[in-house]
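Heads up: the structure comes next, in structure tokens.
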Amino acid sequence: MKIEGKETTVAQNQAAIVEFISTMAKFQEANYNIPKMSNKTRKRAPFKSPEQMILAKGKVMQGQPLPAEVRKMRAKECFMNASHLVMDNHHKGWQYAEGFAMDGLLPVLHAWAVDENAKVIDPTWPTPETTAYLGIVYDWQDYSKLMMKTGMFGVLGNDFRVVWEVLKHGGIPPMENIQIEKAQRKRARQDLEL
């Protein structure tokens with residue numbers, strides 16, 4: 001990555017992503033507000049924001065060039081791409097990971113696969129070998145149940161009701177805690193209004 005004519009290293013990206021997400025977590029400790037969540041409930045949650053949870057439970061990971069047997073997938077569809085890639089390779093021990101990635105000026109919420117050797121496989125971004133990743137690796141069985149229940153890709157990139165349950169449980173919650181039917185009806189109404 002280049003910033004103002006200066007080449008940055010992967011190690012600099014890794015340090016920058018941790019520093020940025022730490023700053024965001026501190027800011028959001030006081031300011032993150034999930035709609036329809038009481039202050040009393042919010043105070044009981046172990047994590048107040050996705051950034052806080054990722055800092056506490058995630059780890060920094062190094063990208064690598066995309067393996068020859070993995071094809072590049074559609075840009076800006078990371079949750080779907082990583083989900084499909086793991087779906088096709090979970091029998092090899094691949095897992096779904098989600099958190100923040102940085103190969104530019106700011107970290108963004110992102111998803112990728114992690115292979116059986118704990119190596120990042122990112123079919124979405126053009127240069128994963130220079131990208132810094134900070135995220136949580138989710139168990140495929142738990143994640144696939146969440147996908148089936150919600151009909152959506154992603155954990156922290158999901159409906160806010162799901163994100164709240166994830167923050168409340170510090171990971172993928174029991175499926176009986178996911179009340180997505182209301183969210184699906186609301187989304188369907190919004191889609192019809194477009």
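The values are calculated or read from the model by the stated rules, or taken from the named source; none is laboratory data. Predicted, not measured: the structure shown is a model, and the values here were computed from it. No Cβ is skipped: glycine too gets one built from the backbone with ideal geometry, and neighbour counts run over all protein chains shown. Ligands, DNA and RNA are stripped out before the accessible areas are found, and what is left, the full protein with its side chains, is counted by its heavy atoms. Shrake-Rupley method; radii C 1.70, N 1.55, O 1.52, S 1.80 Å.
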So how far apart, in nm, are the two label points at Glu129 and Asn31 if each is 7 Å from Cα heading toward Cβ? 3.8
Using r as the Cβ-Cβ distance of Phe160 and Lys92, and R0 as 30 Å, what FRET efficiency do you calculate, to the nearest 0.05? 0.35
Want the number for Arg71 to Lys145: 0.36 nm per residue separation, take away the alpha-carbon distance, what's left? 24.1 nm
Sorted by mean Cβ packing within 10 Å, highest first, what order do the peptides 129-137, 55-63, 108-116 take? 129-137, 108-116, 55-63
Distant-in-sequence amide H partners of Met61 (H built 1.01 Å from N, under 5 Å): Tyr133, Leu134, Gly135
Rounded to the nearest whole Å², what accessible area per residue is found for region 53-120 with the 1.4 Å probe? 50
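Between Leu105 and Gln179, 0.36 nm times their residue separation minus their Cα-Cα distance comes to what?
Using 0.36 nm per residue and subtracting the Cα-Cα distance, I get 23.0 nm.
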